[in-house]
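Structure first, then comments.
The values are calculated or read from the model by the stated rules, or taken from the named source; none is laboratory data. Small disclaimer: the values here were computed from a predicted structure and weren't measured. Note that each Cβ is placed from the backbone with ideal geometry, even for glycine, and that neighbours are counted across all protein chains shown.
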Amino acid sequence: MDRRRSTDVIVETIAPQGKRVIDVGCGDGNLVRHLTLCGAHVLGVECSPRQLAKAHAAEPAGGERIVEGVGQALPAPDSSADVVVFFNSLHHVPVEFMGTALAEAARVLVPGGLVYVNEPLPEGLFFETVLPIDDETAVRAAALAAVRRAEDVGLRQDREFTYVHTVRLDSYEAFRERVVSANAERESLFQQKDGQMRALFARNARPGPDGGFSFDQPMRVNLLGRPMAA
């Protein structure tokens, strides 16, 4: 697999300039701000109070909006977006609502619009390092299964490809915060397994020349299209 930056991949794939984009599960809003700087009109949707607080505290990039909401009930009108993005977020939607979240993406898209689903594969040293805290093998498989059934909610399978993204972190503490931010329930597990997690990080993280650390994370992108009206 080619080694690519995830932000480069999405910009090259969706060509955001001038497009209306909804980022579902936008976390701290980093991608929302990046796409805004690339010329998109972006609505970020996030359900975690911790992540929303970070997103709202950050310096705005432009006219972006970040609101509270969930993928299975998007706070957006019908046919109001050119692109809907699930960036490492579809597997965080409860399994029973994954199909509904894709149906919501189809609802808010204009005919000819695109759903961009970026998901980490359940493999690699980053995945192995997080395993004692949360084994996401099953939920990532469920997310892929929902994507494979996207025709059931009116979306066309357009393209699938893989690449390797390098996760860069300043420290073990930054690693911990990244993992906990995605799911606050993981915080107590980190406290219980602190020694084990520090040892895993020391063994698996690749030291960088700048004093930081990195992991290679294989990724999959699925592009789903809303067909043009007949």
Checklist outcome for this item: Inside the stretch 175-230, the number of residues satisfying the requirement of being more than 24 Å from the chain's Cα centre (by Cα) and among the acidic types (Asp, Glu) is 2
Checklist entry - Considering only residues of the stretch 158-174 that are within 17 Å of the chain's Cα centre (by Cα) and among the aromatic types (Phe, Trp, Tyr), which is nearest to Asp135 (Cα to Cα)? => result Tyr163
Item to check | Residue identified as closer than 14 Å to Val21 by Cβ, surrounded by 23 or more Cβ atoms within 10 Å (Cβ to Cβ) and at pLDDT 95 or above among Ala101, Ala105 | outcome: Ala105
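If we scan the stretch 3-12, do we find a residue that is touching an Asp or Glu at 6+ places or on another chain (Cβ under 6 Å) and either among the polar types (S, T, N, Q) or without any contact (Cβ under 8 Å) to a residue 60 or more places away in the chain (or both)? Give the derivation first.
Within the stretch 3-12, the first condition is being touching an Asp or Glu at 6+ places or on another chain (Cβ under 6 Å), and the residues that meet it are none.
No: zero hits.
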Checklist entry - Taking the stretch 174-230, which residues are assigned to a helix (DSSP H, G or I), closer than 18 Å to Gln51 by Cα and in contact with a helix residue (DSSP H, G or I) (Cβ under 8 Å, 6 or more places away or on another chain)? => result Phe175, Arg176, Val179, Val180, Ser181, Ala182, Arg186, Glu187
Checklist entry - Among the residues of the stretch 183-194, is there at least one that is surrounded by 19 or more Cβ atoms within 10 Å (Cβ to Cβ) and within 27 Å of Arg5 (Cβ to Cβ)? => result no
Next on the checklist: Of everything in the stretch 72-102, what is in a helix (DSSP H, G or I) and polar (S, T, N, Q)? Give them in sequence order.
Outcome noted: Thr100
